[in-house]
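Reading through the structure tokens given below for one structure.
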Amino acid sequence: MHIENIPGPSTDADSPNHVRHAQLKRWVAEVASLTRPDRIHWCDGSKAEYDALCDALVAGGTFLRLNAAKRPASFLARSDPGDVARVEDRTYICSARREDAGPTNNWMAPDQMKATLTGLFDGCMRGRTMYVVPFSMGPIGSPLSRIGVQITDSAYVVVSMRIMTRMGRAALDALGTDGEFVPCLHSVGMPLETGKKDVSWPCNPDHKYIVHFPEERAIWSFGSGYGGNALLGKKCLALRIASTMGRDQDWLAEHMLILGVESPEGEKSYVAAAFPSACGKTNFAMLIPPPAFAGWKVTTVGDDIAWIRPGPDGQLRAINPEYGFFGVAPGTSYQSNPNAMDTLRANCIFTNVALTPDGDVWWEGMTETPPPKLIDWQGQEWTPDCGRKAAHPNARFTVPASQCPSLDPEWENPAGVPISAFLFGGRRSTTMPLIVESFSWTDGVYLAATMGSETTAAAVGKVGEVRRDPFAMLPFCGYHIADYFDHWLTMGRKLANPPRVFCVNWFRKTSDGRFLWPGYGENMRVLKWVIERCRGKTPAVESPIGWMPSASTIEWDGLPEAVQEAFSDAMMLHRDEWVRELLLHEELFIRLYDRLPKEFVLRRELLLASLWRGPERWALPN
Ligand code: OXD
Ligand code: MN
């Protein structure tokens with residue numbers, strides 16, 4: 001076996017001299033003897049290493065180098081058409097006891113799963129290089145950060161990990177000789193038989209497993225090279241495993257963006273917001289306020305994940321554990337998100353977008369009129385009338401956060417930023433109002449726990465069905481979701497001044513299918529009300545489900561009158577819709593019966609009573 005990146009004579013068969021962590025060396029050696037790669041490469045995270053791997057990916061056909069004048073240092077990858085999204089039905093939480101994974105997670109006994117996986121990993125890296133990728137989630141050295149080491153046989157994963165995490169020698173050094181790390185084992189599951197030519201996107205068509213062992217804090221992922229299945233720092237470590245760490249260590253690992261809002265007077269607040277996948281989190285995190293908001297500034301700390309814990313002053317503080325953005329490309333444009341478009345100007349990896357004749361990228365929604373000719377995400381010729389999408393709906397960009405023009409100056413503060421408000425938002429055509437503030441922390445936890453959303457293309461499966469997605473964490477909670485609700489209730493009790501909790505719905509529609517709210521930058525109008533509520537600067541109206549803004553407390557300047565007229569419909573509560581909604585809450589509660597917090601049962605009753613005794617259609621007073 002050939003071992004690369006060894007600066008001096010090696011004293012150990014499987015690791016370079018600078019690796020002083022005995023447990024890590026042992027684990028790497030064990031994995032190598034199971035998976036039998038041709039080579040081992042310890043990643044140092046340098047630019048030279050990144051460039052060399054990108055060159056090799058180009059030579060091997062995985063990457064296409066984009067036009068350097070239009071999109072410098074950027075690449076396009078086209079995945080296998082069967083490996084385009086997270087595979088939730090292949091994702092497991094293998095806790096020792098089934099009941100600790102809860103009814104919303106797939107489960108298998110750890111021993112049984114290890115036996116299955118060991119069979120699959122046996123010899124799975126033959127003919128390939130095994131990369132050892134040390135990485136830090138969160139700024140290196142922050143007490144809120146955690147270290148992982150991913151072993152992978154995919155160079156695409158290595159270069160993506162360098163963008164998405166603080167990867168390489170610095171993370172390894174932070175581990176020292178006995179630091180704690182999460183072992184993250186990954187293989188595309190396609191050994192290269194001798195003399196066989198590799199394919200551009202190796203993966204395993206028959207066996208995919210994304211597996212978490214919460215007690216051991218270990219991750220094993222087999223068979224997929226895509227996104228959340230393969231970049232194990234993200235959903236697997238920073239959400240599923242971190243949520244169990246948070247439960248045990250009194251903090252929260254959440255599927256939330258973090259943004260800063262600065263008023264013209266220079267007052268700064270931070271908000272953390274949870275939305276299910278592909279509901280515009282990146283757009284909201286990079287929002288540009290409309291002209292009516294002169295002097296207001298929105299800044300970005302993170303677009304997907306927040307790690308949150310009480311600071312010494314009893315206020316919640318949050319970090320973004322990631323180092324880059326892995327965003328959904330379709331729908332991103334200079335109209336919807338100019339900051340994202342500017343972030344994407346260089347040093348990007350695009351996956352499953354379309355290629356323009358001049359070597360740049362395109363996706364649905366990027367421009368109003370599509371180019372007359374493209375090469376689609378599967379490498380086929382494409383024209384606007386061909387009846388196919390040019391980019392896959394879950395096509396992605398991978399880009400360093402540091403390139404974002406709206407990046408918050410505090411984004412790498414090792415102490416995190418103080419959180420004033422939590423926002424929870426689903427994609428709902430009906431029922432849920434544009435904005436409502438919970439009556440209390442407990443009530444906010446109830447609203448977040450019962451969130452529903454129409455499904456999107458971020459995961460394999462049906463698109464457009466409403467499913468309960470508590471806290472937008474349904475696919476990401478590493479333990480029993482009812483215990484997670486209880487953890488949130490408990491955290492609130494420990495805070496002197498817990499953040500206020502709001503629910504938003506940018507996606508409500510008229511009965512004939514038109515959006516009631518313009519969304520995007522105009523969401524600033526809602527955000528300003530949120531901030532002013534947190535500062536005690538604006539009143540609210542009591543509705544059956546929470547506090548709401550009257551139209552007069554919203555800034556309307558610069559919006560067409562029709563939007564203001566639609567506001568009352570966007571805020572309306574229809575009793576029949578809510579009765580249906582409460583039945584769906586009940587359905588969720590029955591699934592979680594034995595561990596459901598008592599508060600929820602009582603809160604539901606109270607909601608039902610207020611809605612039942614209220615009018616058939618509850619509207620904001622004029
Ligand atoms: C993501 C997701 O990739 O939520 O962020 O699916
Ligand atoms: Mn996400």
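Each value in this text was obtained by applying a stated rule to the coordinates, not by laboratory testing. Everything numeric in this text was worked out from a predicted model, so none of it was measured. Here Cβ is always computed from backbone atoms with ideal geometry, including for glycine, and neighbour counts include all displayed protein chains.
What the table shows:
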read-out: Segment 208-285 and segment 476-496: distance between their alpha carbon centers, rounded to Å; value: 15 Å
read-out: Taking segment 123-179 and dividing mean pair separation by its residue count, relative contact order in percent (alpha carbons under 8 Å, at least six apart); value: 39 percent
read-out: Highest-first arrangement of 521-531, 492-502, 72-82, where packing means the average Cβ count within 10 Å; value: 521-531, 72-82, 492-502
read-out: Using θ = phi - 60° and Karplus 6.51 cos²θ - 1.76 cosθ + 1.60, couplings along segment 376-393 (whole Hz; Gly, Pro as x); value: 6, 5, 9, x, 9, 5, 9, 10, x, 9, 7, x, 10, 6, 7, 10, 5, x
read-out: Cα centroid separation - segment 570-620 against segment 434-450, whole Å; value: 12 Å
read-out: DSSP-defined beta bridges in segment 174-259 - what % are antiparallel, rounded to 5; value: 55 percent
read-out: Electrostatic dipole magnitude of the chain [Cβ: Lys, Arg +1; Asp, Glu -1; Cα centre; debye, to 20]; value: 320 debye
read-out: Ordering of 365-375, 18-28, 233-243, 320-330 by burial proxy (mean other Cβ atoms within 10 Å per residue, highest first); value: 233-243, 320-330, 18-28, 365-375
read-out: Between segment 381-409 and segment 54-113, the alpha-carbon center distance in angstrom; value: 17 Å
read-out: Neighbour-count order for PHE213, PHE350, fewest beta carbons within 10 angstrom listed first; value: PHE213, PHE350
read-out: Cross-link table LYS235/LYS373; LYS281/LYS494; LYS25/LYS208; LYS114/LYS598, entries beyond 31 Å C-alpha to C-alpha; value: LYS235/LYS373; LYS114/LYS598
read-out: J(HN,Hα) series, segment 422-430, from Karplus relation 6.51 cos²θ - 1.76 cosθ + 1.60, nearest Hz, glycine and proline x; value: 10, 10, 10, x, x, 9, 10, 6, 9
read-out: Net +/- balance of residues flanking HIS487 in space, Cβ distance below 14 Å, scoring K and R +1, D and E -1; value: -2
read-out: For peptides 602-615, 125-138, sequence by mean Cβ density within 10 Å, most packed first; value: 125-138, 602-615
read-out: Karplus-derived HN-Hα couplings along segment 439-455 (A = 6.51, B = -1.76, C = 1.60, θ = phi - 60°), whole Hz, x at Gly and Pro; value: 6, 7, 4, 4, 5, x, 5, 4, 4, 5, 5, 9, 3, x, 7, 7, 5
read-out: Cα-based helix-to-principal-axis angle, 524-534 vs the chain, degrees rounded to 10; value: 80 degrees
read-out: Charge-dipole axis of segment 1-154 as Lys and Arg at +1 and Asp and Glu at -1 on Cβ define it, positive-most pick from LEU120, TYR131, TRP107; value: TYR131
read-out: Net charge dipole size for segment 86-144 [Lys, Arg +1 and Asp, Glu -1 on Cβ; Debye, nearest 20]; value: 220 debye
read-out: Efficiency of FRET from Cβ geometry, SER552 and HIS207, R₀ 56 Å, rounded to 0.05; value: 0.40
read-out: Cβ charges +1 (Lys, Arg) and -1 (Asp, Glu), total dipole of segment 413-545, debye; value: 280 debye
read-out: Where labels lie 7 Å past Cα in the beta-carbon direction, separation of VAL463 and ARG20 in nm; value: 5.2 nm
read-out: Value of [θ]222 nm, deg cm²/dmol, for the chain, DSSP H segments ≥ 4, -39500 (n - 2.57) each, nearest 500; value: -7500 deg cm²/dmol
read-out: Whole-number percent relative contact order across segment 275-432, with pairs defined as alpha carbons under 8 Å at least 6 apart; value: 29 percent
read-out: The chain, relative contact order in percent, only Cα pairs under 8 angstrom and at least six apart counted; value: 13 percent
read-out: Under 14 Å, Cβ to Cβ, from GLY148 - net charge with Lys/Arg +1 and Asp/Glu -1; value: +4
read-out: Antiparallel content of DSSP bridges confined to the chain, in %, to 5; value: 65 percent
